[in-house]
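Accompanying notes for the structure given below.
The values are calculated or read from the model by the stated rules, or taken from the named source; none is laboratory data. These numbers come from a predicted model, not from an experiment. Neighbour counts run over all protein chains shown; Cβ positions are idealised from the backbone, glycine included. SASA here: full protein model, heavy atoms, side chains in, ligands and nucleic acids out. Shrake-Rupley method; radii C 1.70, N 1.55, O 1.52, S 1.80 Å.
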Amino acid sequence: MTAIAEPETPQSPQRESRSLFTPDILWPAIGASLEKLDPRVQLRNPVMFVVEVGAVMTTLAAAAGWGEDPRWFSVTIAIWLWLTVVFANLAEALAEGRGRAQAAALRSMRTTTTAKLQDGSEVAASDLAKGDVVVVVAGEVIPGDGTVIEGIASVDESAITGESAPVIRESGGDRSAVTGGTRVLSDRIVVEITQEPGKSFLDRMINLVEGAERRKTPNEIALNILLAGLTLVFLVVVVALRPFADFAGTDVSLTTLIALLVALIPTTIGALLSAIGIAGMDRLVRRNVLALSGRAVEASGDVDVLLLDKTGTITLGNRQAAEFVPMPGVEEIELAEAAQLASLADETPEGRSVVVLAKRYGIRERELGTHEFVPFTAESRMSGIDHDGSRLRKGAGEAIVRFVEGEGGQAPHELQSVLDKISREGGTPLAVARDAQVLGVIHLKDTVKEGMAARFEQLRAMGIRTIMVTGDNRLTAAKIAEEAGVDDFLAEATPERKLQLIKEEQANGRLVAMTGDGTNDAPALAQADVGVTMNTGTQAAREAGNMVDLDSNPTKLIEIVEVGKQLLITRGALTTFSIANDIAKYFAILPAIFVSTYAAAGESEGPLAQLNLMDLGTPQSAIISAIVFNAIVIPLLVPIALRGVKYKAAGATALLRRNLLIYGVGGLVAPFVGIKLIDLIVHNLLGA
Amino acid sequence: MGVVQIIVFCAVLLAIVPLLGGYMARVYTSERIRPVERLVLKLLRVEPASQTWKTYAASVVLFSLVSWLLLYLILRTQTAHPFNPNGFNSGTWDLSFNTVSSFVTNTNWQFYGGETTLSYFSQMAGLAVQNFVSAAVGITVLIALIRGIASKPLGNFWQDLTRTVMYVLLPISVVGALLLASQGVVQSLSDWGPVASQEIIKLLGTNGGGFFNVNSAFPYENPNGFTNFVEMLAMLAIPASLTYTYGRMVGSRRQGWTVFGVMFTVFVIGVVAVYLAESSVTPAQQAAGLTGANLEGKELRFGTGGTALWTVVTTATSTGAVNAAFESLTGIGGLIPMVNLGFGESIFGGVGTGLYTMLLYVLLAVFIGGLMVGRTPEYLGKKLEAREIKLVVLALLATPLLVLVTTSLALGTGHGGPSIYASGPQGFSETLYAYLSQANNNGSAFAGYTGYLQPEAGNLGANGVTFADLLGGLTMLIGRFVPIVLTLALAGAMRNKRAAPAGLGTMRTDTPTFAGLTVGTVVIVGALTFLPAFLLGPVVQGLTTQLF
């Protein structure tokens, strides 16, 4: 797959700021919701299938004028039952439409990267075919996976490897492979593209959203079983009501019984269930993550352990100058000044950090005399400045030693021990020289990203353990782990040890999530329950994982977990709401049915009329109000289904209490209010 | 006075639970096989090796089938019995079908009156034996489920059965029978019969089938306030204590106490409701210009408190023994027993059966509530997936469905008509109660519902009401064995699940919040299933002063 965007301008995902339904989504969705009335489509959803059968029967009853119901009543009920099915279809169609629009947006975004072909013409990166030859010069992004066939260049692969130090890529040999999305820092290379076009994960993703390949996730299947069970019970409850009512000398019409049935079966969650699932995937897309199965989204809510790579995730990855270590006989300030001058033209984050650190020594920018910058090249592995007749250089230790010796000088023997010490501590040393003299060493250190400790604190509150994975030795790893506030770390990690760690955690019954990029990671990604592959990762890694992060941002894992949790919470909350609603519907419909049952002689109302707690106008208006409420609550809840229930990182019991209060107790109370309001319109305004 | 009795009763119950519960936990976890147990297993030719859920279930069904055939044989051959001082004939085939099904399923629904139809041999060798073993079967199924949840091998049905009878039921029954006899409960092979020995296991095993027709309202079964207190305690002792056993066996006493808390809360609400309802006047009293509590159908020696408490104890547990006439309860006073039945006998419930039903509700609550904390639902670290939910839903919904279908059949076909005594809502309540009670294996009744008619004592020239006898018998068998098989299948499914360690993100199932969720689940499922039916029976009567 080709690079998505220029790294400097990361595509800001279109978060929830976008309005839920734009006309271009709404209109096709309305069309689709009518198409979905096809009973073969409805059969996939037992709850809504029952509603549709009920709608057909009430329509027949209304047309034939069965029973003693007034015609307007049967017709009204029939219409609202059909609307209930349409609303359910609409919810699903809207979710599909949004997912599709989102995927399409991503697809169009991908073409913004252009590639320069060898003949000088430009094509969109996504149109590159296998075998195309492109030219990439310093500052440009390599448009696709390929092989260097000409030239040598330093390439910043930090986006995939997390390592900030540039690597050398040259034609021939084992350093010829380049990855799409990485950036050439110096020189110019000619690359032959090796990847197949068009077989993108996006295409797979769109299929998943559009229903053709959508499979129910395990939890959806389980929930559907519960909903089908409830539907069955209510079917029997309603059928049994006929002989019960007969015994009490009360007539109940078919239309009324069907209305009661539809009011009782869990239509709210039945209607929104698939929309919730699609919306969950859609929310991931908004964060530029493609899930390759709904199962993976669901599993991410269950994650117990997060394996996070140190570099790039926990630390900035781009190493920062932390300290100047002068050689004997050199003042620290002298080293700082030389380092700053040598870095003035260095636009890499490291170079800039040297300038920043030097400022702390009171060295300000000033007028330079005659000077000439010496850029970094892959061959010299140094950069610097020729200034006032002296030559300042900074670079890898051996390159500087070579430079000093070339100038006729001698590196002090302390240099090597300083270089070694910094390396041992997990840092990167950069030596600085002026002409024939080594001035000292810049200590580049990885720094922990700001706010990570708070993030991990949140995760801990959610019950998720974080494990930092790093190639560093134990001492360094322990230090960074402590600084970052992770729960545990794996030092001197190799792909084997990483795989081993995942297996151990899983053997203890835990679900593990990780991110990875290289071929090395493929086994671990496949083993992890949630494996998020960086978009810049190798093909093997992408096949092994079950999600792809287009931003290649390892911190994304945390957001993915939140989306997964939100998905499950939304499902549970709306199920609870749906079931709790039934109590109020009973209190609307049953007193309406039994209003005159066992009435004393000469009275029109029997004892059960007292249960009309909502004081609904007439039996007909009560039943209509309950059915109208039942129908319109579906579109009213669509925003919650699509956006997801608000999720706050908190302990499980606090979450449970909060959601029980809102959706359980709220679900008990809301329909009493809603049905009463509707009755005020239906009865008092429309005269039903 | 009534209130004091209720409070003291609850306190004594609370004290018993950890003692008896801890003892039972040792019984079912002990590796040691005592000589008596070894002897019984040897006679049965059973190796005490753990069974799969299928073999366990097959053993339960086989044992119950053999029990059924044996009991039917006994009841149909009364003329050949020893200990038949009154020279009774056998009951009719349809009545016997109902009675046999009733005692094998731990229901003890009685369409017959014991003192006018059964020989002492039938009572002792037939019914009393089933009182022991049918109770034990319920406990074994629970123990298998607990072991499954705790990831242990499910155990061996024959061994569990033996241990239950020998180490739990028999010792307590011996002491209890002597205690009751000391208070005047009859025990004789010539006059009135061996009552005390049968009375204690009738209650301890939540059976409920009385030696006499009026059950524990009869002074020879339940002579005074003290025996009333002891008998109520006997009904609740094992079902309540098993919650503690559960906590011990799954390694968390808090889990056990949480389940106990759920049951106890609903129980107390029921007691208060019946007590208040029965303390008020009835429409009939009002019509006659009388005031005061409703004492119609009550024994004055028990009073309103002793009757209200008993009424809830016997219907919350699946005992079904009565010390008053349920037919004479007020509308709301009669509603509460029906609600208890409607909760699927999960509020303490039958020995074993009550707790496994409650655990099914707990799993349902976990499934709904678990999602709301953002994880796929898990109980004690085990994920609830499609298979578990399928079993839970089927097992929980089978009984309510059965009740609705059978009640509709009885009312809709008109065949139930001859069994109904009263008219109007009371007649509806009689029918509904009959099938609620039989489907849930309780056995109590609104006594007007009839399944057997005999011109005089001794079964000569008697007729069964075939429809009521057969439909009732089938209802009891289905209501018993379908949930048992599904529960054992669940035990098998849970056993093979890997338990994940609990973390902060895991929904805790031992908190008041979760207990509240479980109470809500039980109430909502019960209410949603039975509200329309309850409206047409007890609620109508509770809302009006009309006489029907």
Mean separation of Cα contacts under 8 Å (at least 6 apart) over the residue count of chain A, i.e. the relative contact order in percent, is 15 percent
Can you compute 3J(HN,Hα) from phi for each residue in region B:465-475, using the Karplus curve 6.51 cos²θ - 1.76 cosθ + 1.60 with θ = phi - 60°, rounded to whole Hz and x for Gly and Pro?
7, 4, 4, 5, 5, 6, 4, x, x, 5, 4
Specify the inter-centroid distance of region B:25-48 and region B:306-350, based on alpha-carbon positions, in whole Å.
36 Å
May I ask you to give the solvent-accessible area per residue for region A:558-655, in square angstrom, as obtained with a 1.4 angstrom probe?
28 Å²
Distance between Cα centroids, region A:273-329 to region B:198-225: provide it in whole Å.
68 Å
Within the under-13-Å Cβ sphere about A:Ile152, not counting A:Ile152, Lys/Arg +1 and Asp/Glu -1 give a net charge of 0
Using protein chains only (no ligands, no nucleic acids) and a 1.4 Å probe, work out which residues of region A:635-680 have their accessible area cut by at least 50 Å² relative to the chain alone.
A:Ala652, A:Thr653, A:Leu656, A:Leu660
A 1.4 Å probe over the protein heavy atoms gives region B:173-318 a carbon and sulfur accessible-area percentage of 64 percent
On protein heavy atoms with a 1.4 Å probe, the accessible surface that disappears when A meets B, both sides summed and given to 100 Å², is 5100 Å²
Interface call, region A:247-288: threshold 40 Å², probe 1.4 Å, accessible heavy-atom surface of protein chains, chain by itself vs complex, result A:Phe247
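Over region A:549-688, what percent of the accessible surface lies on carbon and sulfur atoms, probe 1.4 Å? Present the calculation step by step, with values, prior to reporting the outcome.
Working: 2980 of 4690 Å².
Reported share for carbon and sulfur atoms: 64 percent.
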Of the residues B:Ile238, B:Val322, B:Ser50, the Cα lying farthest along the dipole of chain B towards its positive end, which is defined by charges on the beta carbon of Lys, Arg, Asp and Glu, belongs to B:Ser50
For the Cα atoms of chain A, what angle does the longest principal axis make with the long axis of helix A:218-247, in degrees from 0 to 90, nearest 10?
10 degrees
Taking chain A and counting helices only, DSSP H stretches of n ≥ 4 at -39,500 (n - 2.57) each over all residues, the nearest-500 ellipticity at 222 nm comes to -15500 deg cm²/dmol
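Express the accessible area of region B:2-542 per residue in Å², computed with a 1.4 Å probe while the remaining protein chains stay in the model.
Result: 32 Å² of accessible area for each residue.
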Quick check: Cα centre of region B:147-178 to Cα centre of region A:423-502, how many Å?
59 Å
Among A:Gln566, A:Ala493, B:Thr282, which residue has its Cα positioned farthest towards the positive end of the charge dipole of the protein assembly as shown, with +1 placed on the Cβ of Lys and Arg, -1 on the Cβ of Asp and Glu, and the dipole taken about the Cα centre?
B:Thr282
As straight-line cross-link partners of B:Lys298, the qualifying lysines (C-alpha separation under 22 Å, not fewer than 8 residues apart within one chain) are B:Lys202
If you count, for each residue, the other Cβ atoms within 10 Å and average over each peptide, how do B:413-419, B:24-30 line up from highest to lowest?
B:24-30, B:413-419
Using Cα pairs under 8 angstrom and six or more residues apart, how large is the relative contact order of chain B, in percent?
21 percent
Once you charge only the Cβ atoms, +1 for Lys and Arg and -1 for Asp and Glu, what is the size of the charge dipole of the protein assembly as shown about its Cα centre, to the nearest 20 debye?
2940 debye
Relative to the longest principal Cα axis of chain A, at what angle does helix A:414-424 sit, 0 to 90 degrees, rounded to 10?
10 degrees
If the reach is capped at under 15 angstrom between alpha carbons, list the aspartates and glutamates near A:Lys676, excluding any in the same chain fewer than eight residues apart.
A:Asp582, A:Asp615
Relative packing of peptides A:410-423, A:497-510, B:266-279 - highest average C-beta neighbours within 10 Å first
B:266-279, A:497-510, A:410-423
Quickly estimate the mean residue ellipticity at 222 nm for chain B, helices only: each DSSP H run with n ≥ 4 gives -39500 (n - 2.57), and the total goes over all residues, rounded to 500.
-20000 deg cm²/dmol
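Taking the Cβ of B:Val61 as the center, what net charge do the other residues with Cβ under 13 Å away carry, scoring Lys and Arg +1 and Asp and Glu -1?
Its environment carries a net charge of +2.
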